[in-house]
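J.: Here it is, the structure, as structure tokens.
Just so it is clear, none of the values below were taken in a lab; they were calculated from the coordinates. Because the structure is predicted, anything quoted here is derived from the model rather than measured.
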């Protein structure tokens, strides 16, 4: 069973890495799935992924408080808008556009309402400081 988790983690990691460079492929959901699968199959691979300088921050943000960075929110919402506009411009049928609009609006609302990392973590209180 361990190798299935590692395989799932690897496949989702490839999809997440593709999402980093391809505009219409979402990176973060695949990276979250990869971290989850690696946590089941290989803690060493999970630690590597979470510690990665480029791929790790969105995973850590989500795990630490369900947060999404402002940049990631803007990118996701922009890609959703461009996707819908592109479908409309190429003449996709009304029923498909309506379904696409509802799905993208729901996903966009979810993304937009997630807290940002700075909002979710309260400012540290320095208890050792003594004012004289």
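J.: Helix 56-65 versus the longest principal axis of the chain: what angle, 0 to 90°, nearest 10, using Cα atoms?
T.: 80
J.: Under the classification rounded if a/c is under 1.5, otherwise prolate if a/b is larger than b/c and oblate if not, where does the stretch 68-120 fall, given a ≥ b ≥ c as square roots of the Cα gyration tensor eigenvalues?
T.: The shape class here is oblate.
J.: Once the Cα atoms of helix 2-21 and of the chain are each reduced to a long axis, what angle between those two axes, in degrees from 0 to 90 to the nearest 10, is obtained?
T.: The angle comes out at about 70 degrees.
J.: Provide the gained length on full extension for the span residue 94 to residue 112, in nm with one decimal, where the gain is 0.36 nm per separating residue minus the Cα-Cα distance.
T.: Length difference between fully extended and current span is 3.9 nm.
J.: Could you tell me how many degrees, from 0 to 90 and to the nearest 10, lie between the Cα long axis of helix 94-113 and the main elongation axis, the longest principal axis, of the Cα atoms of the chain?
T.: The two axes meet at around 10 degrees.
J.: Provide, in order from the shortest bin, the percent of all Cα-Cα pairs of the chain in each 5 Å bin, continuing until the bin that contains the maximum pair distance.
T.: Values per bin, smallest distances first: 2, 10, 15, 16, 15, 14, 10, 7, 4, 2, 1, 1, 1, 0, 0.
J.: Same structure, new question: Rounded, prolate or oblate: which fits the stretch 1-65 when a ≥ b ≥ c are the square roots of the eigenvalues of the alpha-carbon gyration tensor, with rounded for a/c under 1.5 and prolate only if a/b beats b/c?
T.: In terms of gyration-tensor shape, oblate.
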